[in-house]
Every structure is written in structure tokens, then in C-alpha cells.
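Undergrad: Below is a structure I'd like to ask you about.
The values are calculated or read from the model by the stated rules, or taken from the named source; none is laboratory data. What you are looking at is a predicted structure, and each value in this text was computed from that prediction instead of being measured. We place every Cβ from the backbone using ideal geometry, glycine too, and count neighbours over all the protein chains shown. For accessibility, only protein heavy atoms count, side chains too; no ligands or nucleic acids. Shrake-Rupley method; radii C 1.70, N 1.55, O 1.52, S 1.80 Å.
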Amino acid sequence: LRCQAAPRPRACHGWQVSMKSGSLSYILPCNRLPVQLMSQVRVYTSNGQKKDLGSEDTNGSARGETLHKVETGQDTTNAGQKQSSPKQPIQVKVKAVLKKREYGPKYTQNNFITGVRAINEFCLKSSDLDQLRKIKRRSPHDDTETFTVYLRSDVEAKSLEVWGSPEALARERKRRKEAEIKYRENLFRNQRLLWEYKEFFGNTKPRSSTAAMFFKGPGKVVMVAICINGLNFFFKLLAWVYTGSASMFSEAIHSLADTCNQALLALGISQSARTPDPSHPYGFTNMRYIASLISGVGIFMMGAGLSWYHGIIGLLHPHPVESLLWAYCILAGSLVSEGATLLVAINEIRRSARAKGLSFYQYVVQSRDPSTNVVLLEDAAAVLSVAVAATCMGLTSLTGNPYYDSVGSLGVGTLLGTVSAFLIYTNTEALLGRSIEPEQLQRLTELLESDPVVRAIHDVKATDMGMSKVRFKAEVDFDGRVVTRSYLEKQDIEQLLQEIQQVKTLEELEAFMLKHGENIIDILGAEVDRLEKDLKQRNPDVRHVDLEIL
């Protein structure tokens, strides 16, 4: 810088000098500058020395009294004018900045792990963990409040102490992995042997919960429908063999399709009762929808397809129909049996819809219970198809024209195709993960927004996972002041004030903030758990809640 002496002291905008003292960093505007801080005037030099302004030597005072003015290239016509003014120190605000700590791309020194994970991943014994530090943390599970964890760094150090080197630990992990694979193979082989043993000697185990599902609710409806439709198929098949009626053939195929589809529904019900595993953490409840979807496709291909085919063949190559007396008797019996199954399905849906606070129509359209819906629609189609078949067969008996019988077969196929299309649509919508009703979503949103700890919620998503299970997700903007106040209400304020007054150094301040900052984060986690618990209690359909902190 080119500087000229000026009689009027002005601020000197020189090069900034960075100095460090301990953990403090100072940014000063020049090499030697008077600074007033905390009601005390000091001089900070580039070599880190500080002096009081009054004790400055006379040689340096001449330089301190004269400040420089930087030439800017502009017109300085008044540079010759000299004015005297008293010497005033320049106040500079010194900002203390904590040095940033570099953690690197991977930092696991502060990680906590559970005892089970420590034993499995680091090949330790439970006795080895007894020597490590135990830390009580807030439990992520609803049934327990706290659980014990260990520092990952302590576990890693203990594993190296036990096994001697990372290479030995890696060899032990590989050996245990091979032993686990071998154990699974032996377990599968033993399960096959046990199954063969049960088939030979009989199963004497008490009835499982899966078998009990078929004695109540949707399982009972499906089992009743399987038995009745199986008998109907047998008698309708005999009537078709005796009469050769196309309508009776369509009815036999219809009953066969219903029997096979309801057997598939029974398989879906049994599979949906399986407990969740690591590969399917949300369970197997969608198996009912998958079975119902396949059932709808089966109705379309087997029932509607064969009925259309036989009806078209009857129109192209008509043949006289034999005596229809036995056919009428079998149709009458089928009407009674199908009607009984239909009443069982209607009563089950009414009961379930009343429990959910929905109308009969809403419960069916939303496919709340796919298994019962399939039975309901199949039996309703069966009753209507019996009426269509009987009408067309009666017209054929009166007129002697076999075309009416073939038209009846086409009508039954069209009815089955309509039912299958509805089942395919509703179950596909359920499998895609549709949203819940807007009124129910509004109630969940209002519950969160009415809590004092929540400022706002964004990106709310509530998905119906099927079988009255809802997954709720939202991004929540928490009020930090309310969270902090909730923490302070649980503290001894006088003791906290004493801790604050004892803070004198930067290290003590850092330790104080880290201690209480971690506790406030724990309070925030507890508030998240409380909100999730409230959502599940007030809305039993909500099974999984994901609240993300903004």
C-alpha cells in the first residue's frame, strides 16, 4: 500500500492479519492497531504480543498518533488542509470461533451397537461384554422404555484383544458364515424329514392359529363356499352329461371356477397370517389381494372363456336338447345353496363394515376384505347365472329352439367376465398402495398440528397397505423452543445456573453445550415417539408411522 501522512486521523484499511491464541482466532485489520474490547484498550501485534495503550513507548506513539490515508486514485484537492483532532481508539469486535473438527468420510467412534450385534458381528461372547461400558439409551420399541448399548469403539477394541488381529477376526467371521449356511441346509433337510414323519404317523399337534382362521370371519366364508361350490359342480356336471345343455355346461364350469378360485383364496388367507421376516418387514397381508387378483383372472379365463366358447359352438352347430327335468332340479338345488353362501358373505361384510364405520357399498368398492368380496361377487353372479340359465333352458323347452340355450351360455359368460373385471380392478388398486380417505387423513393431520411441539407438517402421505393397515409418513417442523422448555422443566434450574456461572474457559463452554445439547436431542426423540404413539392409539388402523424431522 502506498500511504501518505495525513493530519486528520482516519481508519486504516490495511491488510488483515490472522492471529490465534489457544482455541481463539482473531481477525485484525492491520499490523499494529489500537483495539478497545471489554472496556480495556489493548494493542494486538502480529507477533501475538499485547500492550496497554498508556504504556506504549514514545517512539511508537508517534506512529500510533498518525494514521494513514490510502490513495484511491480519486481527486484529493483538500489533501493539504490540516486539522487536528483528539486521538480515539478504534473499537473492533473480536469474534471467537470454535475450531472446526474434521471427522473424515467415515466416523464410527461415537456409534452405539446392541449386545446381539456385538456378539454376531465381532465374534464375542456375552462374558466379554460384561467388561465393557454399558450405556442406557431410549428404546426404539414400544414394549420397553430403555435398553443397553455399547460403544462401537469399545467393542472393536475388545474384539481385537480377543482375536489378536483383524485378519484373525475376518477368518472367524468367514468360518461362522459357512457354519450358518450349513446349518440352514440341515434345517431344511430336517424339516422335510419331520413333514414326512407327520404324514406317516399323523400330526398330533394342537390346532395352529392359521387353521383357526378358517373357523371364523373371512376364512369361514371361504370354506363354506368351497364345500357348496364343489357339490354344485359335481351335480351340474352330471346334469350336463345327461342333458347336453350348453347352459348347464356353463353352470358346471362356473361352479368349478368358483371352487378353484376359493381354494386359492384359502391359500392366500393362510399365507397372509405369516409373521414378518427380514425379507418382508411389513408382513404378508397383501397375499390376500394377490390371491383375489389371480382369482379374478381365473374367473375370466376359465369361467367366462369356456362359457363363451361353448355358447358360440352351440350357435354354430346347434343340436337338440334332451329332457331338462333333472337339470331344473339341480338348478333349483344350486340356487338354494348359492343363496345360502351369498347370505353368509353378506352378513360377514355387514358386520365388518359396521365395525369400520363404512357403508356396505363403500366396504365392497374399497376392497377392505378381498377374500369375502370375491365370495360375495362370485355367489351373486352364481345366483344370477342360475336364473339366466333356467330362463334360457325354459325357452328352449317351450319352443324347441336350441339357440336360446346357447344364448344363455353367452349370458353367463358375460356375467362372469364383468365380475372378474371388477375384481381385477379393485385388487390392483389395493396392491398399488392407494391413499386413505381424505377425512381420515385430515384427522391425522389435525392431531399432529394441534400438538404444541409441532410448528408445521409437510409432505404428508398415508398409504393403505391392505387389511386395515395404514402407513403414515410426514415431515415435521418441530418448535425448538418448546422442546428446550420441555427439557428445562425436567432440570434443576438452580443447579443449571451454577453450572453456567462456573463456565470460564472455551473448553468448559464446549463441554457444557455438548452435555445439554445431547440431552435436548434425546428429548426431541422422546417427543417423536410420543407423537407416533398418539397416532396409533387414536387411529388403530395406523400401524407404521415415519415422522421425519425438518
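Undergrad: How long is the gain from Glu510 to Ile549 if the chain were fully straight, where each residue apart is worth 0.36 nm and the alpha carbon distance is subtracted?
TA: 11.5 nm
Undergrad: If we sort 284-297, 108-121 on the protection proxy, mean other Cβ atoms within 10 Å, highest first, what's the order?
TA: The packing order, highest mean first, is 284-297, 108-121.
Undergrad: Same structure, new question: Size of the range 215-432 along its principal axes in angstrom, Cα-based, largest extent first?
TA: Each principal axis gives a Cα extent; for the range 215-432 these are 63, 29, 27 Å.
Undergrad: When you have a sec, figure out the Kirkwood radius of the range 406-484 from all distinct Cα pair distances and drop it here in Å to one decimal?
TA: It works out to 15.9 Å.
Undergrad: Report, please, the projected area of the range 214-314 averaged over directions, based on the convex hull of its C-alpha atoms, in nm².
TA: The orientation-averaged projected area of the Cα hull of the range 214-314 comes to 7.1 nm².
Undergrad: Follow-up. Projected onto the charge dipole of the range 326-439 (+1 at Lys/Arg Cβ, -1 at Asp/Glu Cβ, origin at the Cα centre), which of Gly394, Thr372, Ala382 gives the Cα projection farthest towards the positive end?
TA: Thr372
Undergrad: Over the heavy atoms of Leu431, what accessible area does a 1.4 Å probe trace out, to the nearest 10 Å²?
TA: 60
Undergrad: Given axes a ≥ b ≥ c from the Cα gyration tensor, I'd like to know whether the range 379-449 is rounded (a/c under 1.5), prolate (a/b larger than b/c) or oblate.
TA: Taking the square roots of the gyration eigenvalues as a ≥ b ≥ c, the range 379-449 is prolate.
Undergrad: Sticking with this structure for a sec: Filter the cross-link list Lys125/Lys158; Lys356/Lys536; Lys490/Lys536; Lys356/Lys473; Lys469/Lys533; Lys356/Lys533 down to pairs whose alpha-carbon distance in this structure exceeds 18 Å.
TA: Lys490/Lys536; Lys356/Lys473; Lys356/Lys533
Undergrad: Starting from the Cα gyration tensor of the range 95-180, take the square roots of the eigenvalues, sort them a ≥ b ≥ c, and report rounded, prolate or oblate (rounded when a/c is under 1.5, otherwise prolate if a/b is larger than b/c, else oblate).
TA: oblate
Undergrad: Report, in debye and to the nearest 20, how large the dipole of the range 438-549 comes out about its Cα centre when Lys and Arg carry +1 and Asp and Glu carry -1 on their Cβ.
TA: For the range 438-549, the charge dipole is close to 460 debye.
Undergrad: In the range 438-549, if the dipole is taken from +1 on Lys/Arg beta carbons and -1 on Asp/Glu beta carbons about the Cα centre, which of Pro438, Thr484, Ile500 is farthest to the positive end?
TA: Result: Pro438.
Undergrad: Something else: With Cβ to Cβ distances under 10 Å as the rule, what net charge do the other residues near Val454 carry (K, R +1; D, E -1)?
TA: -4
Undergrad: From the square roots a ≥ b ≥ c of the eigenvalues of the alpha-carbon gyration tensor of the range 438-549, which class results: rounded (a/c under 1.5), prolate (a/b over b/c), or oblate?
TA: prolate
Undergrad: Might you work out the accessible area of Leu315 for me, using a 1.4 Å probe with all protein chains in place, and round it to the nearest 10 Å²?
TA: The value for Leu315 is about 60 Å².
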